[in-house]
1. Run the simple label-point estimate for Ala44 and Arg106 please: 7 Å along Cα→C-beta, distance reported in nm.
2. If you stretched the chain out fully between Ala60 and Asp80, how much longer would it get, using 0.36 nm times the residue separation minus the C-alpha to C-alpha distance?
3. Could you compute the net charge surrounding Val11? Neighbours are other residues with a C-beta less than 12 Å from the C-beta of Val11; K and R count +1, D and E count -1.
4. Which peptide among 66-77, 27-38 comes first, and what is the full order, when sorted by highest mean count of other Cβ atoms within 10 Å?
5. Can you give me the Kirkwood hydrodynamic radius for the chain, using every pair of distinct Cα atoms, in Å to one decimal?
6. Do the sum for the chain: with -39,500 (n - 2.57) for every DSSP H run of n ≥ 4, divided by all residues, what is the mean residue ellipticity at 222 nm, to the nearest 500 deg cm²/dmol?
7. FRET efficiency for Asp98 and Ala33, Cβ-Cβ distance as r, R0 = 30 Å, nearest 0.05?
8. Hey, got the dipole for the chain? About the Cα centre, +1 on K and R Cβ, -1 on D and E Cβ, debye to the nearest 20?
Amino acid sequence: MSTDQAAAPPVLIECQRQGGIAFPLRRPTISVAVAGLDEADRQALMRLVQAADLASQPAAFPAPGYPDALETQLTVAWPDHSATVRFRDGDGHPAPLDELAGWVLRHKR
């Protein structure tokens, strides 16, 4: 994990998915403001952000995934910077990225 991520908690997490079966579908961006979370959710989110370690991930994973795969764009914003990564189903990205994206999608407000 980068020292930037350890220094300050994120303020916003965003997740957007597109693609899927039969035709490209662009779903709305889901945003979760960290300040609006209760303590248990905030701690769970912090563990997921640390495990995903966006600072050490490439901006996009090069493997093509599989036909009709969903593409996910995940952004974590801190007070002074942000990190974004794009990945597709089946492209070999680390599981913590899926876990963080899933958490955001389940906790939309």
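1. 0.6 nm
2. Length gained between Ala60 and Asp80: 5.0 nm.
3. Computed value for this residue: -1.
4. Descending mean neighbour count gives 66-77, 27-38.
5. The answer is 14.2 Å.
6. -8500 deg cm²/dmol
7. Between Asp98 and Ala33 the formula returns 0.85.
8. Dipole size: approximately 320 debye.
Every read-out reported here was derived from the displayed coordinates using simple, explicitly stated rules and does not represent laboratory data. Only a predicted model underlies this, so the values are computations on that prediction, with no experimental measurement involved. Note that each Cβ is placed from the backbone with ideal geometry, even for glycine, and that neighbours are counted across all protein chains shown.
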